[in-house]
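So the structure is just underneath, and the comments pick up after that.
Derivation of every value follows stated rules applied to the coordinates shown; laboratory data play no part. Bear in mind that the values here come from a model prediction, so they are computed numbers and not experimental data. Positions of Cβ are generated from backbone atoms using ideal geometry, with glycine treated the same way; all protein chains shown enter the neighbour counts.
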């Protein structure tokens, strides 16, 4: 609870009129200057202000005032409130967008759709303060101004902060399932690579079949070929 009473100047007027407290005590309690309290007593300050009773509002007790009147050194303390008021939580609704920038929202939505496809509709709506109907119309290019839309960064347009955008992007990246990409070639085990290859199961280190070795009957006899050519020339 605050140490300053409600309506301090009006409270000081009431204390000056209804108690025998010193100017310093009243000034200390109401957070005023002692000369200002003296001016209230002389009728030079707070003219026309109606006194505000701190006892009826639960800010002071009669016992506290009586103790301070008996002891000029005693400092008045605000009475603890018997009613506990819960703090009001601010409800998060749609982000407010100034009128001068609302015409730029479709451009920002188009930019987010193209550059951050991982963002969910609710995240885009939260960032730029749009509706699901407008978002779907821009995505499906059925928006009335689709032909003239230009993708523009919402941070540059002032529709959201860079911190908010990064936070939403990081959140979407965490929620996105990871896809394992298999490589084109995989190494086979050491047992296969060190084993003696057979004609039917010969493989290279990557598991691909190795090229077959040429057979004896497939080899070309160079001398026989040249001899045959010489015989043909002689016959001619």
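For this structure, a couple of remarks:
- Added length on full extension, which subtracts the Cα-Cα distance from 0.36 nm per residue, residue 224 to residue 133: 24.2 nm
- Sequence of 174, 75, 9 once ranked by neighbouring C-beta atoms within 10 Å, starting from the fewest: 174, 75, 9
- What the Cβ-Cβ distance of residue 103 and residue 174 gives, at R0 = 45 Å and to the nearest 0.05, is a FRET efficiency of 0.85.
- Per-peptide packing, taken as the mean over residues of other Cβ atoms within 10 Å, places 20-28, 54-62 in the sequence 20-28, 54-62 from highest down.
- Extension gain, residue 41 back to residue 149 (0.36 nm per residue minus Cα-Cα distance, nm): 31.9 nm
- Working from label points 7 Å from Cα in the Cα-to-Cβ sense, the residue 62 to residue 115 distance is 7.0 nm.
- The range 99-175: relative contact order in percent, alpha carbon pairs under 8 Å with at least 6 residues between: 43
- Kirkwood-type radius of the range 99-175, with distances r between different C-alpha atoms, in Å: 12.4
- Based on the convex hull around the alpha carbon atoms, the range 8-70 presents an average projected area of 3.7 nm².
- Highest mean first, the peptides 104-112, 36-44 sorted by other C-beta atoms within 10 Å per residue fall in the order 104-112, 36-44.
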